[in-house]
Amino acid sequence: MSNTHGALNFEKFRSLSPKQRGEAVATILSDYVNILGDDGSSFVETVLCDHRTLQQSIFNLFIKLVEEWSESSYDARNQFTCNMSTKIKELFEKEFGTGSMQAPLI
C-alpha cells in the first residue's frame, strides 16, 4: 500500500494505533477518489471478492459514515451526501427500528 504520504506496508500498518490506521485508510481512500477518471469499479470488484465477513465489516464502516453524515452540517459540496444519508437512516429506522444501523457479524 502506498500513497503520497510514503509507502505503508502491512506490518507497519498493523503496528499503528487504531486512530493512525483509520487516518491512513481515510487518506488513501480520499486520494483514490480524488483521481479524476476512475469510476471506482476496481475498488468495488475487489471488495466484492473479499471474505464475506470482511464485506459485512466494510458495509458497517460505510453505514457509520452514513450515520455521521446524516447529523452533519453541510454546504453545497456535500449537501446531497448529507441529505441522502438522512433518508437512508430514516429508511433503516423504519425497517429495523431506532438504534444501531450496524449489520451483524457472523
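Derivation of every value follows stated rules applied to the coordinates shown; laboratory data play no part. In this text, all values refer to a predicted model and were calculated from it rather than measured experimentally. Reconstructed Cβ throughout: ideal geometry from the backbone, glycine too, with neighbour counts over all protein chains shown.
Among the trypsin sites (Lys or Arg not before Pro) found in region 51-106, those both in a DSSP coil and sparsely packed, with 11 or fewer other Cβ atoms within 10 Å of their Cβ, are Arg77. Electrostatic bookkeeping for Thr27 treats Lys and Arg as +1 and Asp and Glu as -1; over the other residues with beta carbon under 14 Å from its beta carbon, the sum is 0. The angle between the Cα long axis of helix 79-96 and the main principal axis of the chain comes to about 60°, on a 0 to 90 degree scale. Ratio of Rg to Rh for the chain: 0.99 [Cα atoms; Kirkwood radius as inverse mean 1/r over pairs].
Loop-located GluC sites (Glu not before Pro) in region 9-106 (DSSP state other than H, G, I, E, B) with a sparse environment of at most 11 neighbouring Cβ atoms within 10 Å: Glu71.
For region 52-106, the relative contact order comes to 45 percent (Cα pairs under 8 Å, sequence separation of at least 6). Excluding same-chain neighbours fewer than eight residues apart, the lysines reachable from Lys94 by a Cα-Cα span under 19 Å are Lys64. Count Lys and Arg as plus one, Asp and Glu as minus one, and take only other residues whose Cβ is under 14 Å from that of Lys87; the net charge is then -3.
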